[in-house]
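Read through the structure below, which is laid out as structure tokens, and then see the notes.
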Amino acid sequence: MDLYNDVLSDPKVKKKEKITVAPDGKVIPTDGTDKIKTDWFDILNFIFLAIFAICCLLPFVNIVFTSFSTEEDYFNKTIMIFPAHFTFDSYRYIFLSDVDAGGIVSALLNSIIVAVVGVLYNMLMTSLGAYAMTKRDLPFKNVFFTLILITMFFGGGVIPLFLTIKDLKLNNSLFGIIIPFGINTFNLIVLRNFYSNVPDEVIESAKLDGAGELRILFRLVIPLSLAGIATIALFYFVERWNEWYWPMLLFSRNSSLWTLSYKMRMILQDLQAADYSTKIDVSNTYGDAQNAASIVIAIIPILCVYPFVQKYFVKGVMLGSVKS
Amino acid sequence: MKKELEMQIPEVVRQVRKNKWKNLGKKIWEYRVIYLMMLPVVISYLIFSYIPMYGLLLSIKKYSASKGIIGSPFVDPWYKYFVQLFQTDGERVIRSIKNTLLISVLKITFCFPAPIIMGLLLNEVKFTGYKKLIQAFIYLPNFISWVIFGGIVMDICGNDGIISNIRHLMGLERKSFTHDPGWYYPILIFFSILKDTGWNTIIYMAAISAVSPTLYEAATMDGCGRFKLMWHVTIPCIGPIIIIQFLLAIGNIMNAGFDPIFNTYNKDVYDVADIIDTYMYRITFESSSLSGFSLGTAVGLMKAVINFVLLMLANFFVKKINGTGIYDLGD
């Protein structure tokens, strides 16, 4: 780096006797002692970050506490810090009474099916595409790549896609939101970067041993790129679990196919009363504590999966983004 | 000219040239399994991304459900729906465009610098344990969908929410902030920052960690304190990434964010909150006539074209600055 050499070779620069380098590469000018100095800025920074993190958490904490309280408490409360009477009433109501076709239990099951099957389908399609893209001298590779890239810039839009899905009669089953959204182009590119990190020699030697391409992909490349797989799988999972727009467009008349996110939207926007189909029981509106309980149920899977994959996805996203 | 060149080329190359097509065929056969692997992917893109593009024709046709897209007759004149948009509902269309641009500008002003600042601040933390803890907390809101987050927002800001309760305690009347057009933008921006900033710091932290420590050493020897280090070393080094993100944000200016707005708006704030996407949704799916489809497609088409042009421009400028475009990824 020119800057470095210029500084070092400049006779006018006074070089300090001792320079300590902290574990994360930060240089701390010292006078020989090993203490890490914290000044006013560090304290301010500390506090500011803590406040921000608390602001991020506070809505969730509020909701969790609301879900465990009773209705009257909710109306009479001033500021809800901790529920006055701890109760499972809301959860009991949700799981036991709201079990018919458009209810929350069936929505939960639908969401689980869509998430699990959807993520598997997504990962399969994306892996196949990403692996094929890593082959450098594949004839017509650029044609494929351009084709895929164009879809990132320009698309038909919501309505033509909606009509296409309807024409394919996919709006009668859960496949309607699984199959059309098989591949997210951005994830494809990130996964391709991960796969291309597997050294060519390893693949060559596997080929010499007689392995076919499919076997190379599933037995060799994928196990070697687990960080990327975990990251992309998490992204797809979150996308699937939180998806409500397309279930709304495709399934609004078909209450047995509702997914949890869509059901949440109806609950939270009090849309149950404005029924789209005659099957909905209009009197089945939720109170506030039950709203909160349903929110907690909706976010529990994400919270469960989150800590496990956190160590993978930070590294994964960093690698993926810096490379591309 | 060609004959002279050919006489100078060695024999081997000439042979290869002659067998060009045969070589290609051999390579295709060699990679046949790969092509098979690509097949489902290509089919998926063709059916669900390219066929709908054909459906854009809908904007110039009079849609009839029984006849489908192809069978529907062209509407007369072909620009009827585009004009109709501006004639019947012109005010709302223009207002939605204005809101879209306004909200996008607000987002770029406030939500764009936030992750950069947060990344710089996090980088200053010397205790890695604390850093990891904070990171775990701020990434979390990103995974919750806006359906739920919007519900939480309306819960907090609504008539019975915490803020109202505090007002009640202070003797003021209860108020639902999400129904007040004056408060809608601050609420939107504030909660967008809470939700998106954490996740977006990842890219900036990756860039910051890629800055070579020798630069810091050199600057420190020059007598730079903490803030000077940030200003003279860190920020210039992550400059390219900032510019790329900025240009991408500009390229997306027509997408002011459907999810946050759709999940927190209501009739009272349509005037300030309606963006092109939400307006398009309403005229398509909540209107009584089938012409809603054609109108909606027309709006979608206009927006897609403007978006496309902006993204191309953004890519052009990124290429000028960085040497490679955002999407130049094929090796």
Check A:I222, A:I229, A:I216, A:I267 and return the single one that is crowded, with 18+ Cβ neighbours inside 10 Å, of a type outside the set (G, A, S) and more than 29 Å from A:I113 (Cβ to Cβ). A:I216
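Quick test for you: out of A:T164, A:T151, pick the one residue that is part of a helix (DSSP H, G or I), over 25 Å from the mean Cα position of the chain (by Cα) and either small (G, A, S) or at the interface with chain B (Cβ under 7 Å from one of its Cβ atoms) (or both).
A:T164
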Unmet requirement for B:D274, which otherwise passes all of (1) of a type outside the set (G, A, S); (2) touching a Lys or Arg at 6+ places or on another chain (Cβ under 8 Å); (3) facing chain A (nearest Cβ under 10 Å): (3)
Only one of A:N110, A:N184 is among the polar types (S, T, N, Q) and closer than 30 Å to A:I203 by Cα, namely A:N184
Cβ contacts < 8 Å: first residue within 8 Å of chain B (Cβ to nearest Cβ), restricted to the stretch A:238-253; second residue outside any loop (DSSP other than H, G, I, E, B) and basic (K, R), any location; separation 6+ or different chain. Result? A:W244/A:R265
If you check B:F246 against the conditions, is it within 11 Å of chain A (Cβ to nearest Cβ) and either part of a helix (DSSP H, G or I) or within 30 Å of A:L268 (Cβ to Cβ) (or both)? no
Quick check on the stretch B:150-166: of everything there that is small (G, A, S) and part of a helix (DSSP H, G or I), which residue is nearest to B:Y265 (Cα to Cα)? B:G150
Residues (under 15 Å from the mean Cα position of the chain (by Cα) and of a type in the set (S, T, Y)) located in the stretch A:211-251: A:T231, A:Y236
Tally of residues being surrounded by 15 or more Cβ atoms within 10 Å (Cβ to Cβ) and closer than 29 Å to B:N315 by Cβ across the stretch B:210-234: 3
Of all residues in the stretch B:167-176 being in a helix (DSSP H, G or I) and more than 7 Å from every other protein chain (Cβ to nearest Cβ), which is farthest from the chain's Cα centre (by Cα)? B:H168
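Matching residues to (1) touching a residue at least 40 places away in the same chain (Cβ under 8 Å); (2) over 22 Å from the mean Cα position of the chain (by Cα); (3) over 23 Å from A:T259 (Cβ atoms):
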site: A:S90; (1), (2), (3): yes, yes, no
site: A:V105; (1), (2), (3): no, yes, no
site: A:L109; (1), (2), (3): no, no, no
site: A:I113; (1), (2), (3): yes, no, no
site: A:L120; (1), (2), (3): no, no, no
site: A:T134; (1), (2), (3): yes, yes, yes
site: A:K141; (1), (2), (3): no, yes, yes
site: A:T146; (1), (2), (3): no, yes, yes
Looking at A:V202, A:V190, A:V158, which is the one that is more than 12 Å from chain B (Cβ to nearest Cβ) and β-branched (V, I, T)? A:V202
For the condition among the charged types (D, E, K, R), surrounded by fewer than 16 Cβ atoms within 10 Å (Cβ to Cβ), at pLDDT 75 or above and on the phi < 0 side of the Ramachandran plot, what is the one hit in A:D100, A:D167? A:D167
Counting only residues that are within 7 Å of another protein chain (Cβ to nearest Cβ) and either of a type in the set (S, T, Y) or in a helix (DSSP H, G or I) (or both), the stretch B:123-149 contains a total of 12
Tell me yes or no: at least one residue of the stretch B:184-196 is part of a loop (DSSP other than H, G, I, E, B) and either crowded, with 18+ Cβ neighbours inside 10 Å or in contact (Cβ under 8 Å) with a residue 12 or more places away in the chain (or both). no
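The values are calculated or read from the model by the stated rules, or taken from the named source; none is laboratory data. All values derive from a computational prediction rather than experimental measurement. Cβ: placed from backbone, ideal geometry, glycine included. Neighbour counts: every protein chain shown.
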